[in-house]
């Protein structure tokens, strides 16, 4: 078993705190989420550094989406603190947290079905709207400027995601793969500094997953994002994540680089299984 | 400059209609027209709550009642004295009465808006059908309260309200609520409302303060319901609590649903149709409600999205809103 | 003290009636998430069907338990059929539509039954015949109970027990419970969801009909709009107990009945109907899930 890890080094024993290099954008400090008798998340310590792409993996029911819900303010942790850029955010309402710069996609796609793609993206820009209600009703120049800027940004994001042809199409009518991309475009529209992606590759075929991987990488570079990613598709996880944390029954059982996680005994038993080695050789 | 000219032109048209209509229409048709206008204001205001924001409010008659009685009381105790005083110093009666009416309407609307706030704020964390029941309950409570307050006439009703409502003012009310709704719809605030309707969790996660916007929809919707109530009070010259029962709320809901939830033009169209229809059926008084209820059922069973769905009627030559229009209604996408 | 006991008896009796109606609301909501606005009017139809059945059987000229029972059963059967028709014709087509559309449909059906009833039966009140001669039984200490109240208590408790047995111990009951949890899963278990929904409506309507006949025994004046207020109060009762929860409907009904009688007796008769609204607002703001209900959180 590995000894206490040097900073930036190998994986520690499951649950240990790891120091990251550079700025810590997100820090979970002994975060616990208890629903009645069930501990969905137990004493989770996690840090994510600026610009990192960190993966969060584990079996179904391990608490990964709960972690996202905790970070985004859907739940308030029973114990512990969540720090974003040094400030505690636990207990804040979701829209406040979004305004501070954390956005997300959802495991079960939650698009605004009746609106067109452009509107879906524009809604996410609401956080940065400067024109108030009165401006909207009186149609002031400030309102016109705001709307034009929003529309332009939305079109740019749609183009980046390859969705510009669908800009005026109702979100409900998009093919599945495009819907996933739209969710990402929407999450980007709020100009976040931290992006949470919940199983973005779910339901995609291998070629689509490959495209997604490149897209995520590019997005991270271009917008200087920090990304936290939940995924079951190990090719995607091992492919783009610099670091991976593994949850099982709400407890972090391992954390480290893809190479370390791949060989971690506890992780293999709980989740990956023996055969994964061969698959991930490529 | 162009906008100012347009506004003046619109006002001129309204004044023209106001003067011309009584000459061309007999009093009965004129009355139906006025009631149509008031129904339009009610339907478009409810559309803000039920259509745009997807909230189940089924007590709208209560807000109308608050506005009606509120504005009536202002006129009876304050307004008509001011109007008389102004007329006494030589200001034409039309202007004096118009000003007094405006004050009364705004007061009634403000009271109704406050009622909307009081109803909306605690109820908004309730799930859909529960919210419906609470709004229904509040609507009935408001009516029961009115029936028991002596100062507003209780069960005998409130007579003698100065009959100051003219087509001009109904037109102003209609324009105000329609323009507000359309401009709201094509703005980030309107998009926030639609987002709440489609997926409240996602909207909140993307930065929309859902509570604030739901309350906003309620307050705006109830404010205009109050305006409609005030216009009705100063047209009918008499108010009775039985004009504001649950049935009235249902009638307004039927208009919004028939028009298509979320469609402003749909609400306008449906309000006109559903105001004229009972009048046309007046001869078959006995059968009126039966036909009405059958119509509701058949409508829901065959075309629940209403006449317009959630689309708007687009004029090709219309002034472009800040965001370009969606594909034309016929194309649909 | 004796007055309190008297009020309690009256309250429990009234509560049983509300419970019978509330059961229909709660079962339909549990299975369809639909507030069946028309349910109160089915109660009204029960009273009217009972009226015509009684006339047809000549039950008032020769009052006897057998014909009284027949009146009850005919009314229940008639309303069961009405419930089935309503469900098939109006509610089934809108099952896939928006919730608001279903709500409007229910309101439409309610208006149709009320106004249709006015057309068919006439707006003037009718008088339900005395198919059971009324007597009062002294319980001591100045407290009396009428034999009609005893019948109301007896019949409602019997019906509630029958329902409980059906729901807990029969295949139909198990199917009902399955469908109320998850339509798709139930369908995959081989349950005909459509048939179970219809059965639920039929049961609920039969109970409402029984309530209508029982009430008409004590208050013989019946008219087409008589279902509005009791329907509303029974709905509040169902919400009070936890809508979708069958024991909750019974509990809610009893609470509503006792509260109403107590308010009328000790506060003022003018607030008889208001207490229902007050209870509704209170429960929805304090504990929307109801006394016995469980709050279900949305999975994000």
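Here are a few things to note about the model shown:
- Residue in the stretch B:221-236 that is under 22 Å from residue B:294 (Cα atoms), over 15 Å from the mean Cα position of the chain (by Cα) and more than 10 Å from chain A (Cβ to nearest Cβ) present: no
- Residues of the stretch A:125-134 that are over 23 Å from the mean Cα position of the chain (by Cα), within 8 Å of another protein chain (Cβ to nearest Cβ) and either under 13 Å from residue B:194 (Cα atoms) or part of a helix (DSSP H, G or I) (or both): A:133 alone.
- Conditions (1) farther than 27 Å from residue C:163 by Cα; (2) within 14 Å of another protein chain (Cβ to nearest Cβ); (3) modelled with pLDDT of 90 or more; (4) part of a helix (DSSP H, G or I): number failed by residue C:262: (2)
- Matching residues, the stretch C:120-148, being within 13 Å of another protein chain (Cβ to nearest Cβ) and modelled with pLDDT under 90: C:122, C:123
- Qualifying residue in the stretch A:246-256 (condition: outside any helix (DSSP H, G or I) and within 14 Å of chain B (Cβ to nearest Cβ)): no
- Only listed residue being buried (at least 16 other Cβ atoms within 10 Å of the Cβ), more than 10 Å from chain B (Cβ to nearest Cβ), farther than 30 Å from residue B:261 by Cα and at pLDDT below 95, chosen from A:206, A:200: A:200
- Scanning the stretch B:48-65 for residues that are within 12 Å of chain C (Cβ to nearest Cβ), farther than 12 Å from residue B:223 by Cα and in a helix (DSSP H, G or I) yields B:50, B:51.
- When residue B:261 is tested against (1) out of contact with any helix residue (DSSP H, G or I) (no Cβ under 7 Å at 6 or more places or on another chain); (2) not in a helix (DSSP H, G or I), only condition (1) is not met.
- Tally of residues being assigned to a helix (DSSP H, G or I), surrounded by fewer than 19 Cβ atoms within 10 Å (Cβ to Cβ) and without any contact (Cβ under 8 Å) to a residue 24 or more places away in the chain across the stretch A:138-156: 9
- Residue within the stretch B:250-258 that is touching a residue at least 40 places away in the same chain (Cβ under 8 Å), part of a helix (DSSP H, G or I) and within 14 Å of chain A (Cβ to nearest Cβ) present: no
- Any hit, the stretch C:80-102, residues being more than 14 Å from chain B (Cβ to nearest Cβ) and more than 21 Å from the chain's Cα centre (by Cα): no
- Qualifying residue in the stretch B:159-176 (condition: away from every other protein chain (no Cβ under 14 Å), over 30 Å from residue A:194 (Cβ atoms), touching a strand residue (DSSP E or B) at 6+ places or on another chain (Cβ under 9 Å) and touching a residue at least 40 places away in the same chain (Cβ under 8 Å)): yes
Each row is one residue, and each column tells you yes or no for (1) in a strand (DSSP E or B); (2) within 10 Å of chain B (Cβ to nearest Cβ).
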{"position": "A:40", "(1), (2)": "yes, no"}
{"position": "A:59", "(1), (2)": "no, no"}
{"position": "A:69", "(1), (2)": "no, yes"}
{"position": "A:73", "(1), (2)": "no, yes"}
{"position": "A:81", "(1), (2)": "yes, no"}
{"position": "A:95", "(1), (2)": "no, yes"}
{"position": "A:114", "(1), (2)": "no, yes"}
{"position": "A:123", "(1), (2)": "no, yes"}
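- Any hit, the stretch C:191-212, residues being farther than 20 Å from residue C:80 by Cβ and surrounded by fewer than 19 Cβ atoms within 10 Å (Cβ to Cβ): no
Conditions (1) crowded, with 22+ Cβ neighbours inside 10 Å; (2) free of Cβ contacts under 8 Å to residues at least 60 places away in the same chain, marked per residue:
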{"site": "A:65", "(1), (2)": "yes, no"}
{"site": "A:73", "(1), (2)": "yes, yes"}
{"site": "A:113", "(1), (2)": "no, yes"}
{"site": "A:123", "(1), (2)": "yes, no"}
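- Filter result for residue A:182 (more than 8 Å from every other protein chain (Cβ to nearest Cβ), in contact (Cβ under 8 Å) with a residue 24 or more places away in the chain, surrounded by 16 or more Cβ atoms within 10 Å (Cβ to Cβ) and more than 24 Å from residue B:189 (Cα to Cα)): no
- Filter result for residue C:69 (within 12 Å of chain B (Cβ to nearest Cβ), more than 19 Å from residue C:202 (Cβ to Cβ), more than 18 Å from the chain's Cα centre (by Cα) and part of a helix (DSSP H, G or I)): no
The values are calculated or read from the model by the stated rules, or taken from the named source; none is laboratory data. It should be emphasised that the depicted structure is a prediction, and the values quoted were computed from it without experimental measurement. Please note: Cβ atoms are built from the backbone with ideal geometry, for glycine as well, and neighbour counts cover all protein chains shown.
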